[in-house]
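Shown next, in structure tokens, is the structure this report addresses.
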Amino acid sequence: MTDFKPRHPTLENRCAARLAIGAASLLLAAGCTVGPDYKRPDVATPAAFKEDPGWKAAAPGDNAARGPWWEVFEDPVLNELEARVETSNLTVAQAVANYEEARQVARADRTAYLPTVGATGAAQRSQSPLAQSVPGRGLTSSNYTAELQASWEPDFWGRLRRTVEADIAAAQANAADLASARLSTQGALAVDYIELRSADDQVRLLENAVEAYRHTVKISQNKYSVGVAARSDVITAQTQLDSTRAQLIGVGVQRAQYEHAIAVLLGKAPADFSIARRPDLGITIPDVPPQMPSSLLERRPDVAAAERAAAAANAKIGIQTAAYFPAISISGAAGYEGSPLNQLITTPFRFWTLGAQATEALLDWGQRGDLVKSAKAAYDASAANYRQTVLTAFQQVEDNLAEIRILSDEAKVEREAVAEAEQATQISLNEYNAGTVDFATVVTAQVIELTNRETALTINESRLASSVALIQALGGGWTSADLPTPHQVVSR
């Protein structure tokens, strides 16, 4: 490093300083960014979903609902709960904080493009030993210093640019994670709400069954009282009634747990939250059109997060590659030094320095090469994770398409089974009153009817839950265009 400290700066000195700054600017402009430029990893994409035979290329599903996807269920209570969950859920709040942390890291590293400036000041007063032994004969002096320093590391090899590139990609990945957290929380709330309303449906079903079984008990008691039925018929009817009443009470446990789960998703204590029962299910099973498989690459936040993580890993290869090149820094200082204080800020007391420094490791025993290989391996892992995330997304869509299609067919058959079981129960009761069949026939018919009705409710609940899962698998209306731009990441 070369230092210059002229007491009287000349025109030549000033011109030299300007030439040095100009040369550094030209070097910076000519600098390159080492390391591979990012290209999104290739992934095989099917032309259509296998489990959606009705899909047509002319109608790829781009008209799927955007924004509040839960509104397709046409339930005002669910709409109100979903509107609250984004602002009150603690998992979402954690994801918001994680994104903000990543954004601030990108902003902090971006400031390395600019020079670092500092200032120092000092005052010193001294007295010679002679002044202490012979009063009036010694020498007392004062010295004052005021200095402004600046240092700058030009990004000749793109190390800083790759660092900021990695930071921005990481922040975008965190933004996609935030979108995933929101979608996951919204989906969990919708499923818990569906299960709660299905529990209400189960309660209504069992309440109706209890009333029907009470009527059966009266029939058996009346027949027993006139001597045309056995005491065992009465006991069997009462047992069936009591068992159903116990089952009805047990459903209350499930409903309470679903209500508690919804409260926690809303960031509230279960004791401070409740959802009233209503006379019907009130939730519409929606028709969720799928979209082109290739669009999942743009609409799944977890896919976007994995892709951005791969971009960040790719940029880190450049960071490690830049270590092969010398680190160059430019520093300078200017200020005043002298005594007395009232004459300090004058030309004779002015000083300045300007220098450049370059450092390069001549022998590192292969460390830099190993770090580059490590960064490349990390990128390969991120690229593999991206491809696996895409395949998992395709699987989830196919799974839910198949489940919705099969459950729809099952629901049709089950509705027929319920109607037949209801008819069988009524016929067996009539025949029992007529004395042509025994009471066991009635009990069997009633059990079959109740079981089929419960199965129908379970299928309906599964269809609703599968609709939620399919919407989530399709991204819930989110697109990669919702990711923050690099400017938005680093802006204040």
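The values are calculated or read from the model by the stated rules, or taken from the named source; none is laboratory data. Note that the coordinates shown come from a computational prediction; the quantities given were computed from them, not determined experimentally. FYI the Cβ positions are ideal-geometry reconstructions off the backbone, even for glycines, and counts take in every protein chain you see.
Quick look at the numbers
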| item | result |
| --- | --- |
| Pairs where the first residue, in segment 192-221, is under 24 Å from Glu82 (Cβ atoms) and the second is among the small types (Gly, Ala, Ser) and assigned to a helix (DSSP H, G or I), C-beta under 7 Å, 6+ apart | Asp192/Ala261; Ile194/Ala465 |
| Test for Ala322: is it crowded, with 17+ Cβ neighbours inside 10 Å, at pLDDT below 95, under 23 Å from Glu165 (Cα atoms) and out of contact with any Leu (no Cβ under 6 Å at 6 or more places or on another chain) | yes |
| Of all residues making up segment 432-473, the number that are modelled with pLDDT of 95 or more, farther than 23 Å from Ala188 by Cα and among the acidic types (Asp, Glu) | 2 |
| Residues of segment 77-92 that turn out to be farther than 12 Å from Gly267 by Cα and in contact (Cβ under 8 Å) with a residue 24 or more places away in the chain, as a count | 3 |
| Flag for Ile459 being touching a residue at least 40 places away in the same chain (Cβ under 8 Å) and over 30 Å from Tyr99 (Cβ atoms) | yes |
| Close pairs (8 angstrom Cβ cut-off, 6 or more residues apart or separate chains): β-branched (Val, Ile, Thr) in segment 258-276, part of a loop (DSSP other than H, G, I, E, B) anywhere | Ile262/Phe273; Ile262/Ile275 |
| Residue in segment 225-241 that is among the charged types (D, E, K, R), without any contact (Cβ under 8 Å) to a residue 24 or more places away in the chain, in a helix (DSSP H, G or I) and out of contact with any helix residue (DSSP H, G or I) (no Cβ under 7 Å at 6 or more places or on another chain) present | no |
| Single residue of Glu403, Glu414 found to be surrounded by 13 or more Cβ atoms within 10 Å (Cβ to Cβ), under 30 Å from Pro301 (Cβ atoms) and acidic (Asp, Glu) | Glu403 |
| Odd one out for Leu205 among (1) closer than 30 Å to Pro286 by Cα; (2) not in a helix (DSSP H, G or I) | (2) |
| Subset tally (residues that are touching a residue at least 60 places away in the same chain (Cβ under 8 Å), more than 16 Å from Thr236 (Cβ to Cβ) and either more than 51 Å from the chain's Cα centre (by Cα) or surrounded by fewer than 19 Cβ atoms within 10 Å (Cβ to Cβ) (or both)) for segment 434-456 | 2 |
| Among residues of segment 108-126, those that are of a type in the set (S, T, N, Q) and farther than 25 Å from Tyr336 by Cβ, counted | 1 |
